[in-house]
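K.L.:
Here's a structure for you.
Taken together, the values in this text are just the output of simple stated rules run on the coordinates, not laboratory data. What you see is a predicted model; the values in this text were computed from it and never measured. Heads up, the Cβs are rebuilt from the backbone with ideal geometry, glycines too, and the neighbour counts pull from every protein chain shown.
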C-alpha cells in the first residue's frame, strides 16, 4: 500500500478528525451526560465555517474560530434547559436538537438547502498556498501537488489532535476533571462536596459541543462539499458509538473506538453496503459482553497487576 | 450559636415528615440527634444541606439563612456531611475521593488546568499533601491508592468522613456513621469523632448506637414522628419517659 496515496492520506486524516470527535463525546460523557447532539453541533460548525470562507471570504483560521464561538453560543442556549434532563431523556432531547438543526439547514437559503454548499476551497489548497509563500512546494519533496496538499492537511490534523488530547489529559487530572468525574459517579454526593453541578455540566457540554463544531468546520474544508445529511442521525450514533464500543471511563476508550470504527470499514471493504449492519452487530455484542466498553479503567488495573506480579515473581527467584 | 433550626416543618405531598422542630447547636459541641426509624432525622440533614428546603420555619448557620441556598453554597459556608447509605465515588481511589472534597477550598479553573500554570501546580501539590494528611487522620494512609468501592465497610465510612473534612467544615453532619460497624470499629469511630471535635469542628450526629451517642454527645435531641419529644444532656434523655416510650413502647395500663 502506497502510504502517500492521497486516498490513504485522506482516510488517515478522517481518522484523526474522528479522534477529535471521540474526545468531544468523551468530555460530555465524563459528567455522565449522554448527548446525541454532537452531529448537530458539527453541522453548525461546518456551515458557519463554510459560509464564512465562501461568502465572506474570511481566512480559514478565523472561520474555524467563528465556528467554535457560534457552536458555543448555541450549546449554551440549548444546554440551559436540556441539562436538567438525565440519561435517556437528555439523549432524546439532544437527538431532537440534531434533527432540528438538520431540518433548518435543509430549508435555509444561506445553506443552499438539500444541495448544500459546494466548491469550498479546501484546507489542503490553503495550506499549500501558504507553503508556496514560504518557498516550499511539492517538487522539493518529489511528490505531486495533490499528495502535498493531503499530507499538509494530515499534519495539521495530527497536530490539532495532539494539542486537544494533551489539554484533555491535563483537564482530567485537574480540579475540574475531578469535579466532572464526581458528578458522573454521584450527583448528590458531588453537590455535598460543594461542586456546582449546573456549572460543570454546562462546561463539559460546551467544551464537547465546541470541539464538535471545530471538527465540523474542518470536515467541511476537507471534503469541500457539505449537505445537511452529512450530519444526520447516523453521524450522531457513529460519534456516540466511539464511546460505547471503546468505553468512556478512560480517554483511551473512545479513541480506540474511533480508530476501530474508522479503520475497520477500510479493511472490510467487502462488507461495504453491510457497514451499518456490522456496526449494529458490533454495538449489540459490545453491550452484551462489555457493557462499559472494550477498554475500561480496570483493563489497565489488570495489566498493572500482572506486571507487578511478574516483577515480584522475578524478585522471588 | 453556630446552627439554629426554628420551627421547621416539612411535608411531602400530604405526608407530614416534620413539624415544628427547633433546636440550637453551639460551636464546639457534639449534638446527637436520635429517634426511631422514620422519625425524620435524615430529612433534617437534607434540609440543612440544601437538598430540599423546609416547608416552614428557618435554618440559620453562623447568622446566615440556609433556606433556598443551593447545596454547593452551603458546603462553601462550612457544612459538610456523610451519608447514611455510603455515597463514595466508587471508581476513584481513596485519595481521589478526598481530593474531590477539597473542591471548595481550591480555585483552579478550566484555563489554569489546561495551561498548567505554576499557581495550579502549587495548588495540586497542596491538595495532594492535605488529602494524604486527612487519610492519615482517619487511619487510611495505607489504602490511599485503592479503589474506594473495594475498601472494607468500616474503611468506607471513615473515608466518607475524611472526604467531608476535606471541605474544611465548621459543622460536620454524620448520618449513622456507626451503622453496620463491629464494636472495635465503633470504638475507633468514637475516638475519631472526639479528635474532630478537639480540632474545633462542631458535630451533629444521627445515630442509633445508644452507648456511642450517650458517651460522646454534649447534648441530645430526640424526635419521634417528626416532632421533637426531648432535648437535654445524655443522662436526662436516657431517663426521659417520652424517649423510653418512643423506643420501647408504653405498657398497657389496664
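K.L.:
Output the peptides A:105-114, B:73-82 sorted from most to least packed, where packing is the average of other Cβ atoms within 10 Å over each peptide's residues. Don't jump to the answer; show the numbers that get you there.
P.N.:
Numbers: A:105-114: 14.7, B:73-82: 23.0.
Answer by packing, highest mean first, reads B:73-82, A:105-114.
K.L.:
Another question, if that's okay. Across the residues of B:95-104, average count of Cβ atoms on other protein chains within 10 Å?
P.N.:
Values: counts 0, 3, 5, 0, 3, 12, 7, 4, 11, 4.
Average per residue, whole number: 5.
K.L.:
Given the rule -39500 (n - 2.57) for each run of at least 4 DSSP H residues, summed and divided by the residues of chain A, what is its mean residue ellipticity at 222 nm, to the nearest 500 deg cm²/dmol?
P.N.:
Working: 14 runs with 237 residues, N = 317.
Per the formula, -25000 deg cm²/dmol.
K.L.:
What number, in nm² with one decimal, is the all-direction average of the projected area of the convex hull of the alpha-carbon atoms of segment A:6-238?
P.N.:
Details: hull surface 52.5 nm².
Dividing the Cα hull surface by four gives the mean projection, 13.1 nm².
K.L.:
For chain B, with a Gaussian network of springs between Cα atoms less than 10 Å apart, report the residue from B:117, B:173, B:159 with the top mean-square fluctuation.
P.N.:
So, out of B:117, B:173, B:159, the one fluctuating most is B:117.
K.L.:
Okay, next question. Output the Cα-based Rg and Dmax of segment B:107-254 in Å, rounding Rg to one decimal and Dmax to a whole number.
P.N.:
According to the Cα coordinates of segment B:107-254, Rg and Dmax are 20.2, 79 Å.
K.L.:
Let me ask something else about it. Let's test the formula: R0 of 25 Å, r as the Cβ-Cβ distance of residue A:10 and residue A:233. What FRET efficiency results, to the nearest 0.05?
P.N.:
Numbers: r = 24 Å, r/R0 = 0.97.
Calculated value: 0.55.
K.L.:
Let me see the pair-distance distribution of segment A:1-51: every alpha carbon pair, 10 Å bin width, integer percents in order.
P.N.:
Using 10 Å bins, I get a P(r) of 22, 37, 29, 12, 1 for segment A:1-51.
K.L.:
Right, another one. Which three lengths, in whole Å and largest first, does segment A:18-75 cover when its Cα atoms are put on their principal axes?
P.N.:
39, 21, 14
K.L.:
Provide the FRET efficiency to the nearest 0.05 for the residue B:236-residue A:173 pair, computing r from the beta carbons and using R0 = 56 Å.
P.N.:
0.60
K.L.:
Okay, next question. Using only the alpha carbons of chain B, what is the convex hull's orientation-averaged projected area in square nanometres? Write down the numbers at each step before the final one.
P.N.:
On the way: hull surface 62.8 nm².
So the mean shadow area of the Cα hull is 15.7 nm².
K.L.:
While we're here: With the Cα gyration tensor of segment A:103-217 giving a ≥ b ≥ c as the square roots of its eigenvalues, does the rule (a/c under 1.5 for rounded; else a/b larger than b/c for prolate; else oblate) give rounded, prolate or oblate?
P.N.:
Working: a/c = 4.72, a/b = 1.74, b/c = 2.72.
Here segment A:103-217 falls in the oblate category.
K.L.:
Would you work out if segment B:4-69 is rounded, prolate or oblate? Take a ≥ b ≥ c from the square roots of the eigenvalues of the alpha-carbon gyration tensor; rounded if a/c is under 1.5, else prolate when a/b is larger than b/c, oblate otherwise. Write down the numbers at each step before the final one.
P.N.:
Numbers: a/c = 1.96, a/b = 1.23, b/c = 1.59.
Oblate, since a/c reaches 1.5 and b/c is not below a/b.
K.L.:
What number, in percent, do you get for the relative contact order of chain B if the mean sequence gap of Cα pairs under 8 Å and at least 6 apart is divided by its residue count? Don't jump to the answer; show the numbers that get you there.
P.N.:
Details: 452 pairs, mean separation 69.1, N = 254.
Relative contact order of chain B: 27 percent.
K.L.:
Another question, if that's okay. Test of understanding: in a Gaussian network model of chain B with alpha carbons linked when under 10 Å, which of B:16, B:49, B:93 would top the mean-square fluctuation ranking?
P.N.:
Between B:16, B:49, B:93, it is B:16 that shows the largest mean-square fluctuation.
K.L.:
Show log10 I(q)/I(0) for segment A:1-101 at q = 0.14 Å⁻¹, two decimals, from a solvent-free Debye sum over equal Cα scatterers.
P.N.:
At q = 0.14 Å⁻¹ the computed log10 ratios are -0.65.
K.L.:
Right, here's the next one. Quantify how strongly other chains surround peptide B:147-153 by giving the mean number of their Cβ atoms within 10 Å of each of its Cβ atoms.
P.N.:
Values: counts 3, 1, 1, 0, 0, 0, 0.
Going residue by residue through B:147-153 and averaging, the value is 1.
K.L.:
Please compute the average number of Cβ atoms from other chains found within 10 Å of each residue's Cβ in peptide B:69-75. Mind dumping the intermediate values first?
P.N.:
Details: counts 0, 4, 9, 11, 2, 3, 6.
Across B:69-75, the average partner-chain Cβ count within 10 Å equals 5.
K.L.:
Nearest 5 percent is fine: what portion of the DSSP beta bridges confined to chain B is antiparallel? Please report the intermediate quantities before stating the final value.
P.N.:
Values: 20 of 36 bridges.
Looking only at bridges with both residues in chain B, the antiparallel portion is about 55 percent.
K.L.:
Over the Cα atoms of the protein assembly as shown, how large are the radius of gyration and the largest Cα-Cα distance (Dmax), in Å?
P.N.:
Over the protein assembly as shown's Cα set, Rg and Dmax evaluate to 29.1, 111 Å.
K.L.:
Here is a further query. Of all the C-alpha pairs in segment B:163-248, what % are more than 19 Å from each other?
P.N.:
For segment B:163-248, the fraction of Cα-Cα distances above 19 Å is 42 percent.
K.L.:
Select from B:156, B:141, B:119 the residue whose mean-square fluctuation is largest in a Gaussian network model of chain B (Cα-Cα springs shorter than 10 Å).
P.N.:
Among B:156, B:141, B:119, the largest mean-square fluctuation in the Gaussian network model of chain B belongs to B:119.
K.L.:
Stokes-Einstein diffusion coefficient for segment A:162-269 at 4 °C in a medium of 1.567 mPa s, Rh from the Kirkwood formula over Cα pairs: what value in µm²/s? Intermediate results must be reported in sequence, preceding the final value.
P.N.:
On the way: Rh = 15.9 Å.
It diffuses with D of about 82 µm²/s by this estimate.
K.L.:
May I pose another question? Let me see the P(r) profile for segment B:89-151: every Cα-Cα distance counted, bins of 10 Å, each bin given as a percent of all pairs.
P.N.:
Values per bin, smallest distances first: 23, 47, 27, 4.
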